[in-house]
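As structure tokens, the structure follows; a few thoughts come after it.
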Amino acid sequence: MDSLFRRKRVGLLKPLLSLSLVFASFLMIHKLKVAEKDGVGVKHMRDTGWCGSECFSFKKAVVKNSVVSSDTPATGNGLDAQRVSNGTPAVWDAQVINCSEDASVKNQDWFRRLDPRFHQFVLHRHCRYFPMILNHPEKCTDGEVHLLMVVKSVIEQHDRREAVRKTWGKEHTVDGKKIKTLFLLGSPTTGKDTKNLQKLIEYEDKIYGDILQWDFMDTFFNLTLKEVNFLKWFNIYCSGVQFIFKGDDDVFVNTHNLLELIGFKVEEHKEADLFIGDTISKAIPIRNRQSKYYIPKELYDKPYPPYVGGGGFLMSSQMARRLFVVSEDLELYPIDDVFLGMCLQKLHLAPVMHPGFRTFGITRRRVSPMNSEPCFYKSLIVVHKLSAQELLRMWSVVYNKDLICAKKTSI
């Protein structure tokens, strides 16, 4: 009798889970419809299959305003894209990919010793540029864009994107300087309700017109793919943009202070090599297997070059184009901010440290009341690790004209 009850309970579990998913989807669609009256941009999308990381086989993607398609497999060795020195393609050209694993690596001793968690990454590390699912080439063509806000996100984090759009990612013009925003996404990971999630993100993009999406799975190890695919995208479509802020969807950005910093660098004529943030120097790979940032010795066994915390950093358009060129000759690395540090090292440059970028929070002790003190946010540029609700609340407080903060004075 007990076993029969368990079977019935298991039988009920699946429809209950399905109902929960339908209800969650309904709620998100309702939220998006409420916001639709303020949205802009319409996107034409493709409906194509994707087999995931097991085979890395991709079908042709149909992307609005993308007129070039190729039947030549695109691989990560750079053969699918013309180099900057030879002229950059006019449109996104990575349309068809059949990227099989590099079987020759399996015969090497270091690979046999490698932690199995890194096998798929290493076997497909040569897969670099991917078809675009959602594209907005018009984003940078609407006159001169002074600052492009580029935000790493995942499909499920709709509430974070909404909070960013209502706060520091709001597109507007300040003293004649245009600020535009883009979110970078991959595809839903295997095991999730892929079709429904994709339909939701298409609908969100139809409203706002601010999402770039590529056909690779949105996993931690694939964050570096967002870096290199964005750098190539920027090099194709954004010749008129002057500066880029790149960050996560859980940060607070004081746009007023960010624009002031840019103004100072322009006055000092230091914008050409501008790459500034919360610099981490003399770091070494983490060997703790329980850490999210664990790297085995077989993959990398030397100190890291100086790099900035990926929560938020600022760079000039000139620097972004130089990073694109050197990135094509570097092997991909599973930690995206370290990879950019490797690109800078190849340029014989180092990121500039700025105390206004706090990618580890105001204090590293999460229980510290300082992390919720609005006057600190008013004086800083970037603060990491806020929920969507915390971001909205802190934004309204910091930009309240009645907020009075003590000012430092010197005698």
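Going by the conditions given, is PRO351 surrounded by 22 or more Cβ atoms within 10 Å (Cβ to Cβ) and under 15 Å from the mean Cα position of the chain (by Cα)? So PRO351 does not fit the description; no. Taken over the stretch 377-398, the residue count meeting the criterion of being out of contact with any Ser or Thr (no Cβ under 9 Å at 6 or more places or on another chain), buried (at least 19 other Cβ atoms within 10 Å of the Cβ) and in a helix (DSSP H, G or I) is 3. Taking first residues from the stretch 117-135 that are under 14 Å from SER104 (Cβ atoms) and partners that are among the aromatic types (Phe, Trp, Tyr), the Cβ contacts under 7 Å between residues at least 6 apart in sequence or on separate chains come to VAL122/PHE111; HIS124/PHE56. Inside the stretch 90-119, can you point out the residues that are modelled with pLDDT under 90 and among the acidic types (Asp, Glu)? Once the filter is applied, which keeps residues that are modelled with pLDDT under 90 and among the acidic types (Asp, Glu), the stretch 90-119 yields only ASP93. Residue-level analysis places ASP337 outside the set of residues that are under 20 Å from VAL150 (Cβ atoms) and part of a loop (DSSP other than H, G, I, E, B). Which residues, taken from the stretch 165-220, are hydroxyl-bearing (Ser, Thr, Tyr), modelled with pLDDT of 95 or more and more than 30 Å from LYS378 (Cα to Cα)? Once the filter is applied, which keeps residues that are hydroxyl-bearing (Ser, Thr, Tyr), modelled with pLDDT of 95 or more and more than 30 Å from LYS378 (Cα to Cα), the stretch 165-220 yields only TYR203. Within the stretch 116-135, the set of residues being farther than 30 Å from GLY209 by Cα and either among the hydrophobic types (A, V, I, L, M, F, W, C) or loosely packed, with under 13 Cβ neighbours inside 10 Å (or both) comprises PRO116, ARG117, PHE118, PHE121, VAL122, LEU123. Report whether or not SER100 is surrounded by fewer than 19 Cβ atoms within 10 Å (Cβ to Cβ), hydroxyl-bearing (Ser, Thr, Tyr) and free of Cβ contacts under 8 Å to residues at least 12 places away in the same chain. Criteria not met by SER100. Under 26 Å from GLN157 (Cβ atoms), in contact (Cβ under 8 Å) with a residue 40 or more places away in the chain, under 21 Å from the mean Cα position of the chain (by Cα) and not in a loop (DSSP other than H, G, I, E, B): does that describe LEU344? Taking the combined requirement at face value, the residue does not satisfy it. Elements of the type strands (runs of 3 or more DSSP E) sitting completely within the stretch 136-249 and holding at least 1 residues that are closer than 24 Å to PHE360 by Cα and not small (Gly, Ala, Ser): these cover 147-152, 177-187, 243-248.
Could you say whether any residue in the stretch 322-345 is under 22 Å from VAL241 (Cα atoms), surrounded by fewer than 22 Cβ atoms within 10 Å (Cβ to Cβ) and out of contact with any Leu (no Cβ under 7 Å at 6 or more places or on another chain)? Yes.
Checking each residue in the stretch 321-354 for being touching a Cys at 6+ places or on another chain (Cβ under 8 Å) and more than 20 Å from GLU271 (Cα to Cα) picks out SER327, LEU330. For the stretch 233-243, the tally of residues that are out of contact with any helix residue (DSSP H, G or I) (no Cβ under 6 Å at 6 or more places or on another chain) and either of a type in the set (S, T, N, Q) or crowded, with 23+ Cβ neighbours inside 10 Å (or both) stands at 2.
The values are calculated or read from the model by the stated rules, or taken from the named source; none is laboratory data. Just so we're clear, the structure is a prediction, and the values are computed from it rather than from any experiment. Please note: Cβ atoms are built from the backbone with ideal geometry, for glycine as well, and neighbour counts cover all protein chains shown.
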